[in-house]
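The values are calculated or read from the model by the stated rules, or taken from the named source; none is laboratory data. Keep in mind the model is a prediction, meaning the values are calculated, not measured. Cβ atoms come from the backbone with ideal geometry, glycine included; neighbour counts cover every protein chain shown. The protein model used for the area step is the full one, side chains on, heavy atoms only, and it has no ligands, DNA or RNA in it. Shrake-Rupley method; radii C 1.70, N 1.55, O 1.52, S 1.80 Å.
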Amino acid sequence: MPPLLASKQYPYTVVGVLEIFYEEGGALRKWVGSGYLLKTAMYPHRRDIVLTAAHNLVFLRKQDLREVHFTLYGDRDVYSVALRKNGTLRYAIPRGYDERPHSPAFDFAVMILQEGAGGSNAPLALSTVGDTLRVAATIAGGLSARVGEGNRKVYCSTVTAEKQTTTPLYYPVDATAPGMSGGPVLVQEGSAWTSIGVVTGTGDVDDAPRGIAAPIFDETRRIIDTLIQTSLAG
C-alpha cells in the first residue's frame, strides 16, 4: 500500500523533510529527503541532532551549495544546518559509506541544526536489531512529488520489517516512495516509540524488489555517536 498522510502526532512530529538547494549546469536544483530528531545515551538532552541517510547529505558537499532547509511535520519554523566558526557545516558521514556507497549498511549520517527543534516532542531513541528480524513497523518521511507542490507533510506506511543474516532491513517496495530516504523505521513497545533503522530507498532482496533501510546494530549506534561528536567539534 502506498504511503498515507501521517497523523500530526508523535512520533511523526519529530520526522521532517530535508531540502538541499544547489546550482548545477547553470540551474538551481533541489534534492529532497527526510530525517528525524535523535537522542542517544551519550547525547540524551540535545534537540538539534538529525539522523538521515548518507546519500542525502552527500549533496552538502556540492561546490555550489545554496541552502539547506529542514521542516518538521507540523512545525512552522524552517531549520538549517549549524555552522562552525570557520563556516563549515556541522554534519558527518561515516567513512564506510564513502568506501561502499551502494551498501545500505552505512547509508546513515548526522547533521546538527542551528537551534533545538521539536518543541515538547522528545527526539527518537534507537533500538538495535539482531541478525534476523520480523517485526511490525512503520516507515515515515516526506514525498518528493508532494514537496514539489509545496507540501512538506510526513507520510507513513505500516509494514512488516524483515531482516535475514545477509540482508538489510526490508519491507514491501510499494510502502516507500522517493523522498522518504532518511526517515525512521518506527517500532512501538507499550507507549514508547523508537527507530530500528534509516530508510534508504529500494533494492533487490532475494531477487525481488523491496523497500530497504539501514538497520541499527550496536556498532551502528557507536558510529552514530562518533558522527555526532565529529559534527559538534570545532
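Among the residues of segment 65-77, which ones are open to solvent by less than 80 Å² (accessible area, probe 1.4 Å) and at pLDDT 95 or above? Once the filter is applied, which keeps residues that are open to solvent by less than 80 Å² (accessible area, probe 1.4 Å) and at pLDDT 95 or above, segment 65-77 yields Leu65, Val68, His69, Phe70, Thr71, Leu72, Tyr73. Can Arg222 be described as in contact (Cβ under 8 Å) with a residue 24 or more places away in the chain and open to solvent by 60 Å² or more (accessible area, probe 1.4 Å)? Considered against the rule, which asks whether it is in contact (Cβ under 8 Å) with a residue 24 or more places away in the chain and open to solvent by 60 Å² or more (accessible area, probe 1.4 Å), Arg222 comes out as no. If you scan segment 202-226, which residues turn out to be within 28 Å of Arg46 (Cα to Cα) and either assigned to a strand (DSSP E or B) or of a type in the set (Asp, Glu) (or both)? Ala213, Ala214, Pro215, Asp218, Glu219, Asp225 - these are the residues of segment 202-226 that are within 28 Å of Arg46 (Cα to Cα) and either assigned to a strand (DSSP E or B) or of a type in the set (Asp, Glu) (or both).
Just the residues that are surrounded by fewer than 19 Cβ atoms within 10 Å (Cβ to Cβ) and either aliphatic (A, V, I, L, M) or farther than 26 Å from Leu83 by Cβ (or both), please, taken from segment 104-132. Correct list: Ala105, Ser120, Ala122, Ala125, Ser127, Thr128, Gly130, Asp131, Thr132. The residue that is least open to solvent (accessible area, probe 1.4 Å), counting only those in segment 146-189 that are part of a loop (DSSP other than H, G, I, E, B), within 20 Å of Asp131 (Cβ to Cβ) and polar (S, T, N, Q), is Thr167. In segment 78-103, which residue that is charged (D, E, K, R) and assigned to a loop (DSSP other than H, G, I, E, B) is most open to solvent (accessible area, probe 1.4 Å)? Filtering first and then ranking leaves Lys85.
Checking each residue in segment 33-59 for being in a helix (DSSP H, G or I) and open to solvent by 10 Å² or more (accessible area, probe 1.4 Å) picks out His55, Val58, Phe59. Checking every residue in segment 9-24 against the condition of being under 28 Å from Val159 (Cβ atoms), assigned to a loop (DSSP other than H, G, I, E, B) and touching a Lys or Arg at 6+ places or on another chain (Cβ under 9 Å) gives zero matches.
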